[in-house]
Amino acid sequence: MNVLMPQLGETVSEGTIAAWHKKAGDTVEKGDMLLDVETDKVATEITAPGSGVLRDILIAEGETVDVGTVLAVIAVEGEVVEAVRDSPAKADAGSAAPKSTGGGLPAKSGGDRISPAVRRLLKQHDLDIKSIPGSGRDGRVTRQDVLDHVDGAASPVASSSSANRFPFDRVRKVTAEHMVRSKATSPHVLQAIDVDFHAVDQSRLAKRESWKSKHAYSLTYMPYVARAVCLAIADFPRINASVDNDALVLHPEINLAIAIDLNHEGLVAAVLKNAAGLSVSELAIAFNDLATRARSNKLTPDDLRGGTYTLSNPGPFGTLFTAPIINQPQVAILSMDAVKKRPHVIESDAGDSIEIRPIGVLAHSFDHRAIDGAYSAAYLQQLKTILESSDWDKEF
């Protein structure tokens, strides 16, 4: 049984082996964590596709190979496994150290497997690859080599003060690179709207105790907003899209990426596929499952790819207003901030009045290449109307 480099994103064509957690000769069970893989978009754990003995590890730590490359071979009882040790993928991954081109950046020919992360870091820090010792196979410079080089250059400054230095871990490094790339790629525009969550609370609070007793977790605003998003996108399809060079690709399915806090140790955007067909109660159950598995390192590569629109929810921490960064290659992201009781003007035929209502801000960052302000504003108004006027009891 072959262990393959997975596809970890629509535009990802290769990945780097960050660490092996098993060694050749180890017995593995299906689902056991085998290795960590990094791309320029995500870092994730790869599990064993079946049970057996890890016969061969074909790609070493630090190597970058194409999607579909055989990374290792698991010998399964009764299965005849062909020899792959000398496969083209193996030979390519173990090729000679990178050659240098003008400007100090490595050439990317058939034998020079330099990860996108290494190329980006070299450009970001204006480094010449020839000045960095390589720890990869045949002296190849890895992403960690570049980071160590940058850390080493900064350490004299750090040591001269009393401040503590905490190097970024793997998740934080990948997140940081992804966010910087997004800001450099998309012209971000932010719009926000106040929403009266009175109608939502009539449903949510009435079901709060029975829901928690049955499911052992709270019923939050998140699934209500997600349901409203799915309904609104039906009228504003360009929100659920991605930019491909000079074209806008509209996605037929709504795959909601949910930003999940990993206990203040980073975040991950786990994806709920085909969310448009789910009710509020089904969305609540699905979101809790994703969050639970994310915080226990049990997400699969499939849980991290295919997102078409992202929801961020800092509201439980009491935030008023958040300007989120777009999750590439998507074109928009919605932040749900805290819902708090405030004086609110109620308009009616009998005249205006002031009532205490649960009010929250929905903040929408969008890519101005893909959509304009009027389109985003109309989408936000549709979201507001749905949240304020729907009969939410029908969703349970």
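Taken together, the values in this text are just the output of simple stated rules run on the coordinates, not laboratory data. Given the structure is predicted, the values throughout are model-derived calculations rather than measurements. Note: ideal-geometry Cβ built from the backbone for every residue, glycine included; neighbour counts use all protein chains shown.
Name the trypsin sites (Lys or Arg not before Pro) in the range 276-383 that are in a loop by DSSP and that have at most 15 other C-beta atoms within 10 Å, would you? Kindly include the intermediate steps, with their values, before the conclusion.
Working: sites: R293, R295, K298, R305, K340, K341, R369; in loops: K298, R305, R369.
Passing both the DSSP loop test and the Cβ count: K298, R369.
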Check your understanding: Between T385 and E265, how many nm apart are label points set 7 Å from Cα along the C-beta direction?
Key -> 4.6
Practice item. Subtract the Cα-Cα distance of E209 and R369 from 0.36 nm times their separation in residues, and report this length gain in nm to one decimal. Key: 53.1 nm
Practice item. Give the shape of the range 328-396 as rounded, prolate or oblate, defined through the alpha-carbon gyration tensor: a ≥ b ≥ c are the square roots of its eigenvalues, a/c under 1.5 means rounded, and otherwise the shape is prolate if a/b is larger than b/c and oblate if not. Key: prolate
Study note, to complete from the structure: Packing-ranked peptide list from 222-228, 172-178, 18-24, highest mean Cβ count within 10 angstrom first, is 222-228, 172-178, 18-24
Point to revise | Long pairs among K212/K341; K30/K298; K340/K384; K214/K298, criterion Cα-Cα beyond 19 Å | key: K212/K341; K214/K298
Point to revise | Label-point separation in nm, A377 to T185, each point 7 Å along Cα→Cβ | key: 2.8
Study note, to complete from the structure: By the C-alpha gyration tensor axes a ≥ b ≥ c (rounded if a/c is under 1.5, else prolate when a/b exceeds b/c, else oblate), the shape of the range 248-396 is prolate
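Please give me, ordered by residue number, the GluC sites (Glu not before Pro) of the range 197-270 that lie in loop per DSSP and have at most 15 other Cβ atoms within 10 Å. Could the numbers behind the result be given before it?
Details: sites: E209, E253, E265; in loops: E253, E265.
When the GluC sites (Glu not before Pro) of the range 197-270 are filtered for loop state and at most 15 Cβ neighbours within 10 Å, E253, E265 remain.
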**Study point:** Under the Karplus curve 6.51 cos²θ - 1.76 cosθ + 1.60, θ = phi - 60°, whole-Hz ³J(HN,Hα) for the range 272-282, x wherever Gly or Pro sits
**Key:** 9, 7, 6, 6, 4, x, 9, 7, 4, 5, 5
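Count the net charge of all other residues whose Cβ sits under 13 Å from the Cβ of S131, scoring Lys and Arg as +1 and Asp and Glu as -1. Don't jump to the answer; show the numbers that get you there.
Details: positive: K130; negative: D126, D128, D145, D148.
Local net charge: -3.
Below 8 Å, C-alpha to C-alpha, sequence gap of six or more: please give me the relative contact order for the range 286-340 in percent. Working shown, then result.
Working: 57 pairs, mean separation 18.4, N = 55.
For the range 286-340, the relative contact order is 33 percent.
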